[in-house]
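Asks: I have a structure here, written as structure tokens, and I will follow up with some questions on it.
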Amino acid sequence: MKRAFLFTSLWLALEAALAASAGEGAASHPIDWLGVLGKVINSSVLFGGLILLLRKPLIQMLSQKGSAIRADVEERERNLAATESRLQEIGQRLARVATAVEEIKGSAEAAGQAELSRLEAAGRQEAERIIALGEEEIRQRVDAAVREVKARIADLAIARFKEEFARKLDDAGQQKIIERNIDSCGGLNEGK
């Protein structure tokens with residue numbers, strides 16, 4: 001295949017050179033077949049030598065480039081597979097985190113409800129205690145006020161009685177009171 005390509009290239013180069021010579025005019029320039037043949041041989045040697053010299057490095061370079069591309073494609077496929085597995089793992093972790101968050105949220109709500117119930121019960125007990133203390137303090141204040149009013153009434157009654165007693169007391173009434181008190185005191189001594 002390569003040889004056929006080489007011969008075809010040489011044949012075309014020869015035809016092109018002949019056509020160029022013929023186009024310049026046959027009468028003015030005779031064709032220098034030896035020059036044409038020399039150019040064809042020089043071109044064949046040049047291109048043949050280049051092909052022989054560059055064939056192995058070119059094939060090796062292309063082979064290395066193809067191997068590098070294959071390795072790059074394989075590396076990318078491995079990276080893609082690893083990334084997909086990490087993505088699935090992250091998805092599973094996120095699902096577990098979402099489940100854990102829901103569980104924590106549920107337990108927090110339950111604990112919050114329990115704490116709220118406990119606080120409401122404690123608040124009711126404290127309110128009842130405060131009401132009982134308030135009622136006791138009110139009762140004590142009322143009792144103290146009643147005692148104060150009774151003492152005041154008693155003081156007023158005694159003061160009033162003293163005034164009336166002092167107004168109505170004469171010497172005969174005073175003598176009767178003294179005798180009664182003496183008799184009462186004497187009766188007390190007899191009972192002992």
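The values are calculated or read from the model by the stated rules, or taken from the named source; none is laboratory data. None of these values were measured; they are calculated from a predicted model. We place every Cβ from the backbone using ideal geometry, glycine too, and count neighbours over all the protein chains shown.
Asks: Take Ala166 and decide whether it is at pLDDT below 80, of a type in the set (A, V, I, L, M, F, W, C) and part of a helix (DSSP H, G or I).
Replies: Criteria met by Ala166.
Asks: Next up: Could you pull out the residue among Ile31, Ile131 that is assigned to a helix (DSSP H, G or I) and surrounded by 10 or more Cβ atoms within 10 Å (Cβ to Cβ)?
Replies: On inspection, the qualifying residue turns out to be Ile131.
Asks: Can you tell me which of Glu75, Glu84, Glu15 is part of a helix (DSSP H, G or I) and at pLDDT below 85?
Replies: Glu15
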